[in-house]
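Shown next, in structure tokens, is the structure this report addresses.
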Amino acid sequence: MLIYLIIIGICIGVDQFMKLLAVDYLAAVTTVPIIPNVFHLTYVENDGAAFSLFSGQQTFLIVITFIFLAGLCYVLYALPKNMRYFRLNLAFALIISGATGNLIDRLRFHHVVDFFDFRLIGFAIFNLADVFVVVGCAIVVIEILRNRFPDLKSS
């Protein structure tokens, strides 16, 4: 279990550090082209959830996130800690990291700091916490589709 707590701590720390840099250096200039018209660092304050859903409803988003995190922490705690479940445990650790990183922003700033801007595909601007959540969810889906958990099935 300790390894997953360390992963969560490191991921949250890196996410918050990147957001601190965005607030300190990017907010003043708004956008910095890394690869012009392809990838920019663009400072955005998102007061909603993904794709600005539930915009301006911070209390609702904070409560939902706390409930979601409680459930995820229970699942991470309850899953066996052996190599067969490593990827699934890692996935939940990543999702917990991302949700916590964005929750910290909501509690501190009343918005989430986003800054990755892939203009080539016109995708929403996002942050590292969002990456952790998406990668974690993708791993969960892959592991479920691979059906690697016969001992978790009901008899």
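The values are calculated or read from the model by the stated rules, or taken from the named source; none is laboratory data. Predicted, not measured: the structure shown is a model, and the values here were computed from it. Cβ placement follows ideal geometry from the backbone for every residue including glycine, while neighbour counts extend to all protein chains displayed.
Going by the structure shown, is ILE121 free of Cβ contacts under 8 Å to residues at least 60 places away in the same chain, within 27 Å of ALA27 (Cβ to Cβ), hydrophobic (A, V, I, L, M, F, W, C) and in a loop (DSSP other than H, G, I, E, B)? Full working, then the answer.
On the way: free of Cβ contacts under 8 Å to residues at least 60 places away in the same chain: yes; within 27 Å of ALA27 (Cβ to Cβ): yes; hydrophobic (A, V, I, L, M, F, W, C): yes; in a loop (DSSP other than H, G, I, E, B): yes.
Against the criterion (free of Cβ contacts under 8 Å to residues at least 60 places away in the same chain, within 27 Å of ALA27 (Cβ to Cβ), hydrophobic (A, V, I, L, M, F, W, C) and in a loop (DSSP other than H, G, I, E, B)), ILE121 qualifies.
Could you say which residue among GLY56, GLY48 is in contact with a Leu (Cβ under 8 Å, 6 or more places away or on another chain) and modelled with pLDDT under 95?
Details: GLY56 fails: in contact with a Leu (Cβ under 8 Å, 6 or more places away or on another chain).
Every option except GLY48 fails the conditions.
Report yes if ALA93 is in a helix (DSSP H, G or I), over 30 Å from ASN37 (Cα atoms) and either in contact with an Asp or Glu (Cβ under 9 Å, 6 or more places away or on another chain) or of a type in the set (Gly, Ala, Ser) (or both), otherwise no. Break it down stepwise before answering.
Working: in a helix (DSSP H, G or I): yes; over 30 Å from ASN37 (Cα atoms): yes; either in contact with an Asp or Glu (Cβ under 9 Å, 6 or more places away or on another chain) or of a type in the set (Gly, Ala, Ser) (or both): yes.
Judged against the criteria, ALA93 is a match.
Just to be sure before I move on: is PHE126 crowded, with 18+ Cβ neighbours inside 10 Å, touching a Phe, Trp or Tyr at 6+ places or on another chain (Cβ under 6 Å) and free of Cβ contacts under 8 Å to residues at least 60 places away in the same chain in the structure I sent? Explain how you work it out, then say what you get.
On the way: crowded, with 18+ Cβ neighbours inside 10 Å: yes; touching a Phe, Trp or Tyr at 6+ places or on another chain (Cβ under 6 Å): yes; free of Cβ contacts under 8 Å to residues at least 60 places away in the same chain: yes.
Taking the combined requirement at face value, the residue satisfies it.
Of all the residues that make up the range 12-32, how many are farther than 21 Å from PHE92 by Cα and in a helix (DSSP H, G or I)?
We begin by selecting, within the range 12-32, every residue farther than 21 Å from PHE92 by Cα; these are 17-32.
So of that shortlist, the ones also in a helix (DSSP H, G or I) come out as 17-26.
Summing the residues that are farther than 21 Å from PHE92 by Cα and in a helix (DSSP H, G or I) in the range 12-32 gives 10.
Residues in the range 60-80: is at least one in contact (Cβ under 8 Å) with a residue 60 or more places away in the chain, more than 13 Å from the chain's Cα centre (by Cα) and surrounded by 14 or more Cβ atoms within 10 Å (Cβ to Cβ)?
Yes, because at least one residue in the range 60-80 is in contact (Cβ under 8 Å) with a residue 60 or more places away in the chain, more than 13 Å from the chain's Cα centre (by Cα) and surrounded by 14 or more Cβ atoms within 10 Å (Cβ to Cβ).
Report whether or not LEU41 is in a helix (DSSP H, G or I) and of a type in the set (A, V, I, L, M). Reasoning before the result, please.
Details: in a helix (DSSP H, G or I): no; of a type in the set (A, V, I, L, M): yes.
Answer is no for this residue.
Looking only at the range 44-87, which residues are assigned to a loop (DSSP other than H, G, I, E, B) and of a type in the set (Asp, Glu)? Quick ask: steps written out before the conclusion?
Here is the first cut: in the range 44-87, the ones assigned to a loop (DSSP other than H, G, I, E, B) are 47-49, 53-57, 79-82.
Listed by number, the list holds a single entry, ASP47.
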